[in-house]
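Since the structure comes first, as structure tokens, the remarks are kept for the end.
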Amino acid sequence: MEQLRQDELFYIALMLDIDELVSLCNSSKYYNRILCQNDKFWKFKVYRDYPESLINLFISQNEGIITYKN
């Protein structure tokens, strides 16, 4: 899979559950750097897997802290 372009790897990784993703990232420094240390990937993964939980999510632009609004 290290032959895949980054967008292809993202597409495949988005279909994995968290345990599978952790195993993949632990299997290779390359996957760890490209996926597990990539904030853009994780934001998209959370948005894709848990869209209902983001309805009340507020991200403070000043602090970079995630809090939930009720």
Residue-wise HN-Hα coupling along segment 45-50, computed from phi with Karplus coefficients 6.51, -1.76, 1.60 (Hz; x: Gly, Pro): 4, 5, 4, 6, 7, 9
Gained length - Trp42 relative to Tyr11, 0.36 nm times residue gap less alpha-carbon distance: 9.9 nm
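Where a number appears in this text, it was derived from the coordinates with a stated rule and is not lab data. Only a predicted model underlies this, so the values are computations on that prediction, with no experimental measurement involved.
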